[in-house]
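K.L.:
This is the structure I have questions about; it appears just below.
The values are calculated or read from the model by the stated rules, or taken from the named source; none is laboratory data. In this text the structure is predicted, and so the values were computed from the model without any measurement. Methodologically, a virtual Cβ is constructed for each residue, glycine included, from the backbone with ideal geometry; neighbour enumeration extends over all protein chains shown.
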Amino acid sequence: MSPILDISDLSVKVGGSHILQGVTFSVQPQGVTALLGRNGVGKTTTLKAVLGLMPRTAEITGRVGYDGASITRQPTFRLVRQGLGYVPEDRGVFAGLTVAENLRLAERAGTAPDYDTVHGLFPELRKRARQRAGTLSGGQQQMLAIGRVLLNPNRLLLIDEPTKGLAPKVVTEVAAALQAVAAVVPMLLVEQNLAVVRRMARHAVVIANGRVAYTGGASDLLDYTEKTKALLGVGKGEH
Ligand SMILES: Nc1ncnc2c1ncn2[C@@H]1O[C@H](COP(=O)(O)OP(=O)(O)OP(=O)(O)O)[C@@H](O)[C@H]1O
């Protein structure tokens, strides 16, 4: 199967540091590919570089293919229209607007918004339609951030640390919803919670020292304690 995303020799220099130094990997057109690595290794930078969201001062080289065509240096709005959905780490919901207003803002001209899917996955968003997003819990804000992206058709989702800072019960809830989504849309998932990775991901890519240090089966990586420990800085007992 041809990959849905093909990143080749991606290099990013910003603010004097050479964050990515020739990153090459691909994302399969089905299921979840986990993008892993220690803190600060460049996972978010990888997603942002693909999406054209790095600051103008960043020096970026390399190639990105999406569904067989080059998208290197294409503007973000065009990528989003081509079905690349992005849920950023900071969630980016508008705190002063209600849940319904946040969702309405994400509607795209010419496309029927899929409220059935969003409310089916996250009934809480319908119940809390009139609540200001800034007063939602972290988990509810994450659901809103994911829901916003799912209103429109996606061919690949890039999701950055969706369970970060959430209570264990909410982690399970968000992971279950994402798993349901991943049955339909392929996903590149940055995730530090290795129990979530184990449950969701079929493939894994690990970045270390600016390069790809592992690509292969997620369970192969996580089952091999020494490798996991060396690449991710954790042991089996810690996830
Ligand atoms: N705009 C920027 N200017 C300067 N340095 C940056 C910029 N963006 C990221 N960095 C630096 O690049 C490195 C990689 O950051 P990035 O957020 O991509 O890592 P990460 O693997 O996603 O980390 P985490 O797991 O902590 O979220 C960090 O040292 C960060 O401080």
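K.L.:
Conditions: (1) under 18 Å from the mean Cα position of the chain (by Cα); (2) within 16 Å of the ligand (Cβ to nearest atom); (3) acidic (Asp, Glu). Residue 59 meets all but one. Number of the miss?
P.N.:
In the conditions (1) under 18 Å from the mean Cα position of the chain (by Cα); (2) within 16 Å of the ligand (Cβ to nearest atom); (3) acidic (Asp, Glu), residue 59 misses (1) alone.
K.L.:
Between a first residue in segment 6-28 that is outside the structural domain of residue 201 (by TED's automatic domain parsing) and a second residue that is charged (D, E, K, R) and not in a strand (DSSP E or B), which pairs have beta carbons less than 9 Å apart while being 6 or more apart in sequence or on different chains?
P.N.:
none
K.L.:
Under 20 Å from residue 200 (Cα atoms) and either more than 11 Å from the ligand (Cβ to nearest atom) or in contact with a Gly (Cβ under 6 Å, 6 or more places away or on another chain) (or both): is that true of residue 4 in this structure?
P.N.:
When the stated conditions are applied, residue 4 passes them.
K.L.:
Which one of these is more than 12 Å from the ligand (Cβ to nearest atom), among the hydrophobic types (A, V, I, L, M, F, W, C) and farther than 30 Å from residue 230 by Cβ: 32, 99, 27, 64?
P.N.:
99
K.L.:
Would you check if residue 148 is in a helix (DSSP H, G or I) and in contact (Cβ under 8 Å) with a residue 40 or more places away in the chain?
P.N.:
yes
K.L.:
A further question follows. Take the conditions touching a residue at least 12 places away in the same chain (Cβ under 8 Å) and under 22 Å from residue 228 (Cα atoms) and apply them to residue 43. Does it pass?
P.N.:
Taking the combined requirement at face value, the residue satisfies it.
K.L.:
I've got another one for you. What number goes with the only condition from (1) surrounded by 14 or more Cβ atoms within 10 Å (Cβ to Cβ); (2) outside the structural domain of residue 166 (by TED's automatic domain parsing); (3) more than 16 Å from the ligand (Cβ to nearest atom); (4) modelled with pLDDT under 95 that residue 108 does not pass?
P.N.:
With respect to (1) surrounded by 14 or more Cβ atoms within 10 Å (Cβ to Cβ); (2) outside the structural domain of residue 166 (by TED's automatic domain parsing); (3) more than 16 Å from the ligand (Cβ to nearest atom); (4) modelled with pLDDT under 95, residue 108 is out only on (1).
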